[in-house]
Amino acid sequence: MRILEKTTPQRPGDLKQRVVRALLYCTGEMQQLHTHMQDKLFPLQLAEWCLRGISRVILLNNPLSGALILAALLLESPWQALLGILGLLASTFTAIILGEDCEEVSSGLHGFNGMLVALLMGVFSSAGDWYWWLLLPVCLGGAATTFLSSSLTPVLDRWDLPVSVFPFNTAILLYLACTGTSNPYFPNYPVHPPGAPESTNLTQLHFPQLLQGVVLGVGQIFACGTLGPSLLILGAVFLFSPILAVYALLGSGISTMAGLSMSVQHSFLYSGLSGFNGALGCMVVGGFYILSWRTHLLSIASALLSAYTDIALSNLLGVLGLPASSWAATLTGTLVLLLTGKNLKEYRIPTGKVTSPEQNLHSHKQWSAANTNATDV
């Protein structure tokens, strides 16, 4: 006689737990995936490294976030996406050839500067899309960022500072200064200072466009100037860390207000060009400091300083026809990480141990609780 086993129906609570576990698996650094990929085929590993490298541009370390950002770039411009991927591959392969640290290469630390250089070469090129000769400087520029990064690392390590985007800013500035606007092979658009003539800003300010410019400020980190791709990039940040997503919008909003106070051209405010340095400056504090009311105030100050420094540098370099890129956020972030006040220094996370802000906060609470228990004993 056969006994039929009764199948117990799946409880709603179990399904909810599975969904929550799946969502948590996709957030943060996805370290389980990184471990799982170590014995896979090289092309699969390379794909993960590159996706992490894409996300590293905006202080993330998540391959799914990188995939979302890549989708945003494809939506914005397939040509720009192609250039970015090529620059990323050029810098990553150069790091492999030079024998850079395997863990750094696999986590995307030697790819994001090459991607940024490639994206900006495409943005400033006046030769139009699908100008195939541009692939040559893109590959050379991507490789150059790895050389610069490898040279700067031992210097900055003395002060526990990340290389950040110093290689990108240096390489793109040298490239644009070399080629100029009248180069017959690699012509570029002229760059104008953001300061507006008095007659330009007499028109009424449109607040919906201004609010949209705050979101576009996050997208402009990847040279995306439309709303859809910018929202995808913001979603990629949220996937890695909701705290960083809040800091990105906060910094972009503060930077936009700073631009208003300096009467920059409305087009800079509406397009997000006034916001991206503030967003990066704010996110640096969110990424490298443990969340507290002191570090929150520091993030606001960092966004303001990044914004005003960007305006000053843009006005100075604009006279020469050169962009300020993200020099303002890079310099401000470096100064912020060098602060020595004891009330802030205790919240500073060593560069090699930086993860998502949520994980940093959780680890700090565990460490504090362990110290408290040890003291009690």
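Top to bottom by accessible area (1.4 Å), largest first, where do Leu234, Leu109, Leu269 land?
Values: Leu234 30, Leu109 65, Leu269 0 Å².
Of Leu234, Leu109, Leu269, the descending order of accessible area is Leu109, Leu234, Leu269.
Using a 10 angstrom Cβ neighbour count of at most 14 plus a DSSP loop assignment to flag exposed GluC sites (Glu not before Pro), which longest range of the chain is free of such sites? Write down the numbers at each step before the final one.
Working: sites that count: Glu5, Glu198, Glu346.
The longest uninterrupted stretch comes out as 6-197.
Can you give the Rg to Rh ratio of the chain, both from alpha-carbon atoms, with Rh computed by the Kirkwood formula? Don't jump to the answer; show the numbers that get you there.
Details: Rg = 22.2 Å, Rh = 21.8 Å.
Checking Rg against Rh, the ratio lands at 1.02.
Please give, to one decimal in nm, the separation of the simple spin-label points placed at Leu140 and Leu174, each 7 Å out from Cα toward the Cβ.
Going by the 7 Å Cα→Cβ label model, 1.1 nm.
Determine the share of region 161-317's accessible area contributed by carbon and sulfur atoms, expressed in whole percent, with a 1.4 angstrom probe. Walk me through the numbers before you get to the answer.
On the way: 4620 of 6370 Å².
The computed percentage sits at 72.
Using DSSP loop states and a limit of at most 13 other Cβ atoms within 10 Å to flag trypsin sites (Lys or Arg not before Pro), what is the longest stretch of the chain containing no flagged site?
Details: sites that count: Arg2, Lys6, Lys40.
The segment 41-377 is the longest one with no such site.
Could you tell me whether region 255-377 comes out rounded, prolate or oblate from its Cα gyration tensor? Rule is a ≥ b ≥ c as square roots of the eigenvalues, rounded for a/c under 1.5, then prolate if a/b exceeds b/c, otherwise oblate. Intermediate values should be presented prior to the final figure.
On the way: a/c = 3.16, a/b = 2.79, b/c = 1.13.
Taking the square roots of the gyration eigenvalues as a ≥ b ≥ c, region 255-377 is prolate.
Can you give the percent of C-alpha pairs in region 261-331 whose distance is more than 18 Å? Intermediate values should be presented prior to the final figure.
On the way: 979 of 2485 pairs.
Counting every Cα pair in region 261-331, those more than 18 Å apart make up 39 percent.
Which loop chymotrypsin sites (Phe, Trp or Tyr not before Pro) in region 86-130, with loop taken from DSSP, have no more than 12 other Cβ atoms within 10 angstrom of their Cβ?
Values: sites: Phe93, Phe112, Phe124, Trp130; in loops: Trp130.
Here the sparse-neighbourhood loop sites are Trp130.
Extending each Cα 7 Å along its Cβ direction at Thr226 and Arg294, get the distance between those two points in nm, one decimal.
4.6 nm
List the relative contact order of region 286-357 as a percent without decimals, with contacts defined as Cα pairs under 8 Å and 6+ residues apart. Spell out each step's value before the answer.
Values: 52 pairs, mean separation 37.0, N = 72.
Value for region 286-357: 51 percent.
Using the Cα gyration tensor of region 195-342, with a ≥ b ≥ c the square roots of its eigenvalues, what is the shape: rounded (a/c below 1.5), prolate (a/b larger than b/c) or oblate (neither)? Show your work: numbers first, answer last.
On the way: a/c = 1.86, a/b = 1.32, b/c = 1.41.
Oblate is the answer for region 195-342, as a/c is 1.5 or above yet b/c matches or exceeds a/b.
What's the FRET efficiency of Tyr131 with Leu339 using the Cβ-Cβ distance as r and R₀ = 45 Å, to the nearest 0.05? Can you show the working numbers first?
Details: r = 45 Å, r/R0 = 0.99.
Once the sixth-power term is evaluated, E becomes 0.50.
Would you please classify the overall shape of region 62-182 from the alpha carbon gyration tensor, given that a ≥ b ≥ c denote the square roots of the eigenvalues, rounded means a/c under 1.5, and beyond that prolate means a/b larger than b/c while oblate covers the rest?
Values: a/c = 2.01, a/b = 1.35, b/c = 1.49.
Cα axes put region 62-182 in the oblate bin.
With a cut-off of 8 Å between alpha carbons and a minimum separation of six or more residues, what is the relative contact order of the chain in percent? Let's see the in-between values first.
Numbers: 608 pairs, mean separation 59.1, N = 377.
Worked out over the chain, it gives 16 percent.
Between Asp39 and Val319, how many nm apart are label points set 7 Å from Cα along the C-beta direction?
6.3 nm
Suppose accessible area is computed on protein heavy atoms with a 1.4 Å probe; arrange Phe276, Phe207 from highest to lowest.
Numbers: Phe276 30, Phe207 130 Å².
Order by accessible area, largest first: Phe207, Phe276.
The values are calculated or read from the model by the stated rules, or taken from the named source; none is laboratory data. Bear in mind that the values here come from a model prediction, so they are computed numbers and not experimental data. Ideal geometry is used to build each Cβ from the backbone, glycine not excepted, and the neighbour counts take in all protein chains shown. Side chains included, ligands, DNA and RNA excluded: accessible areas come from the protein's heavy atoms. Shrake-Rupley method; radii C 1.70, N 1.55, O 1.52, S 1.80 Å.
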